[in-house]
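Q: Structure provided below as structure tokens; questions to follow.
The values are calculated or read from the model by the stated rules, or taken from the named source; none is laboratory data. A quick note: this is a predicted structure, and the numbers were derived from the prediction, not measured. So basically every Cβ, Gly included, is an ideal-geometry build from the backbone, and we count neighbours across all protein chains shown. Note: areas computed on protein heavy atoms with side chains; ligands, DNA, RNA excluded. Shrake-Rupley method; radii C 1.70, N 1.55, O 1.52, S 1.80 Å.
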Amino acid sequence: MAGLPVTVRLLDPPLHEFLPHAEAEMAEVANALGKSVDDVRARCAALAETNPMLGHRGCRLGLTSPEIYAMQVRALIQAAVMVEKELGKPIRPEIMIPLVATQAELATTRRAAEDEIARVLKEEGTNLNYYIGTMIELPRAALQADKIAEYADFFSFGTNDLTQTAFGLSRDDAGSFLPYYVDHGLLPRDPFVSIDRDGVGALVRLGVERGRQTCPDLKLGICGEHGGDPDSIAFFDEVGLDYVSCSPFRVPVARLAAAQAALATRQKAGQTA
């Protein structure tokens, strides 16, 4: 990846996913920490959430437990410095802060990351080009994109979560009734498969426009399964995104769809001219 950007999203899943659940796991953690199993069980119970996907996750976790993101940022920058020294070629880490809803969240989290990066580079006696951006995956973030862009080097639209939060649907549970909606014409297609242009797509378009009002050169892309859907890719090209990110097995389809979208845009521009 020398000379190419490597984007690393900081921890995003709900906090409960990192906790031990089975008794054997709790016993192992208790032994490692020098605590009793009862202490570990009580702590796990205290951290349990009723609706974890809308709870203590993303940048919220990095704000309330800053040592978690500091650990990740330190490891990432140390690795980049190490590889750059070994290869003698530039490494371009891009640190992506997830689930931002407010400008203050990104400003605070970015400041903490930059402080940790400065400490690592001082220890290593070197410099490194890096970028810090965020995921736009909440409707409020899209609406506030002009303010959030003041602290972002790039945006990645997290269309999986943006679809969940725009529709108020759980991606994991909606499969029980979404087929009915599609079969009966209540929705033209599954919005988790192909982007909902009128709703979620409108939020993406708004985020693009407002983000680039603040920073005309802002790098913009999307991360999610929509990045491998040809119809969605055509829409993302239309609104001016720079790249799509998707599951590895969908990359060939995504490349073909992106090429077709680019050719269609060029042809349309030629007809207009």
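Q: Can you give the Rg to Rh ratio of the chain, both from alpha-carbon atoms, with Rh computed by the Kirkwood formula? Write down the numbers at each step before the final one.
A: Numbers: Rg = 20.9 Å, Rh = 20.6 Å.
Rg/Rh for the chain comes to 1.01.
Q: Can you order the peptides 45-56, 241-252 by their average number of other Cβ atoms within 10 Å per residue, highest first?
A: Numbers: 45-56: 12.0, 241-252: 15.0.
By packing density, highest mean first, the sequence is 241-252, 45-56.
Q: With the other protein chains left in place, how much accessible area per residue, in square angstrom, belongs to the range 1-130 at a 1.4 angstrom probe? Don't skip to the end; give the middle numbers.
A: Working: 7280 Å² over 130 residues.
Solvent-accessible surface per residue comes out at 56 Å².
Q: Gaussian network model of the chain, Cα springs within a sub-10 Å range: biggest mean-square fluctuation belongs to which of I136, I222, I91?
A: Among I136, I222, I91, the largest mean-square fluctuation in the Gaussian network model of the chain belongs to I91.
Q: Per 0.36 nm of contour for each residue apart, how much would the distance between A264 and L19 grow if the chain were fully extended, relative to their Cα-Cα spacing? Working shown, then result.
A: Values: separation 245, 0.36 × 245 = 88.20 nm, distance 4.86 nm.
Length gained between A264 and L19: 83.3 nm.
Q: In the P(r) worked out for the range 199-265, what percent of Cα pairs fall beyond 19 Å?
A: The share of Cα pairs beyond 19 Å in the range 199-265 comes to 30 percent.
Q: Give me the percent of accessible area attributable to carbon and sulfur for the range 1-160, probe 1.4 angstrom.
A: 55
Q: If you average 1/r across every pair of different Cα atoms in the range 20-175 and take the reciprocal, what Kirkwood value do you get, in Å?
A: Over the range 20-175, the inverse of the mean reciprocal pair distance is 18.0 Å.
Q: Determine the gain in length on full extension of the stretch V253-E124; use 0.36 nm per residue of separation and subtract their C-alpha separation, reporting nm with one decimal.
A: Between V253 and E124, full extension yields an extra 42.3 nm.
Q: If you add up the charges near R189, with Lys and Arg at +1 and Asp and Glu at -1, over every other residue whose beta carbon is less than 10 angstrom from its beta carbon, what do you get?
A: Once all neighbours under 10 Å are counted, the net charge is -4.
Q: Using label points projected 7 Å from each Cα along Cα→Cβ, tell me how many nm separate H184 and A32, to one decimal.
A: 4.8
Q: State the Cα centre-to-centre distance between the range 243-273 and the range 1-60 in whole Å.
A: The range 243-273 and the range 1-60 have Cα centres spaced 39 Å from each other.
Q: Relative to a virtual label point 7 Å from the Cα of A75 in the Cα→beta-carbon direction, which members of the range 1-22 show backbone nitrogen distances below 14 Å?
A: Residues 8-13, 18 fall inside that zone.
Q: Right, here's the next one. About the Cα centre of the chain, how large is the charge dipole given +1 on each Lys and Arg Cβ and -1 on each Asp and Glu Cβ? Please answer in debye to the nearest 20. Walk me through the numbers before you get to the answer.
A: On the way: 27 positive and 37 negative charges, 147 e Å.
Using Cβ point charges on Lys, Arg, Asp and Glu, the chain gives about 700 debye.
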